[in-house]
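Input: a single structure, listed below in structure tokens.
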Amino acid sequence: SLTMTLVGGILFLDLSKSVGWAYGLDPDAQPLWGVWKLSTGFELGRIFAADENELLGAIDTFQPAKVGMEAPLPASQQTVAFTAELQIGLAAITECACYRWEKPLTRRSSQTVRANVCGRSHRTDAERQARIDTKRAIVEPWCAAPGWTITDHNARDAAVGWAYEIGIRQVRTGRIVQARPPAVQTVGRWAARAPGGRRSATRRRGRCIPTH
């Protein structure tokens, strides 16, 4: 199967209530990608259990050599209590799952990732005045340039994080550079969704907890 031929790659996560993920091992090909829609509402226990189920399923399916995730903002920089608990809690779930499966885990600042992969991490004055957010101004065009068919903004963020971990870097030639990736080609047919959610299966080093 396709996933079996990609065992041992890098899995990168953009953590939120809609977790974007990207996985692959070839820097010259679009990564597999998808989004885990965790749970509606504000019940943190349900959200965290759903995230753990999806993450354990992905690790079981892909057997990644390494996992990366976007680092949550420090507690001192958080302004909404629920968002702070959500981000830090999802990061803790990821830490726990990777510990159980003995997978190396790295945390990356979104600004560091975008600056190194896309060439910049901040919008231009014109983009600010036009009210174009960072995802549309920087991340979306970078993913679109090589023909990547990633249609969700959470997954695009994860794909840029994956690109950073796989070693793709943008040469910076000035204070501001247009966000464009190196010339790469999409290979094969890529799944646009997560592996099937197995809500109650027992996994090595961890048990999935039913969330509904």
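The values are calculated or read from the model by the stated rules, or taken from the named source; none is laboratory data. Everything numeric in this text was worked out from a predicted model, so none of it was measured. Cβ sites come from the backbone with ideal geometry, for glycine too, and all protein chains shown count toward neighbours. The area values use the complete protein model at the heavy-atom level, side chains included, leaving out ligands, DNA and RNA. Shrake-Rupley method; radii C 1.70, N 1.55, O 1.52, S 1.80 Å.
Here are a few things to note about the model shown:
- Residues that are assigned to a helix (DSSP H, G or I) and polar (S, T, N, Q) were ranked within segment 53-78; the one that is least open to solvent (accessible area, probe 1.4 Å) is 53.
- The single condition from (1) within 20 Å of residue 162 (Cα to Cα); (2) surrounded by fewer than 20 Cβ atoms within 10 Å (Cβ to Cβ) that residue 81 fails is (1).
- Pairs linking a residue in segment 34-51 that is free of Cβ contacts under 8 Å to residues at least 24 places away in the same chain to a residue that is surrounded by fewer than 16 Cβ atoms within 10 Å (Cβ to Cβ), with Cβ atoms under 6 Å and 6 or more positions apart or on different chains, are 37/18.
- When segment 34-52 is filtered for residues that are open to solvent by 30 Å² or more (accessible area, probe 1.4 Å) and either of a type in the set (Phe, Trp, Tyr) or touching a strand residue (DSSP E or B) at 6+ places or on another chain (Cβ under 8 Å) (or both), the ones remaining, listed by number, are 35, 37, 42, 48.
- Filtered by the rule that a residue be surrounded by 15 or more Cβ atoms within 10 Å (Cβ to Cβ) and touching a residue at least 40 places away in the same chain (Cβ under 8 Å), segment 117-143 gives 117, 118, 119, 120, 137, 138, 139.
- Yes/no for residue 114 being among the charged types (D, E, K, R), within 17 Å of the chain's Cα centre (by Cα) and crowded, with 19+ Cβ neighbours inside 10 Å: yes
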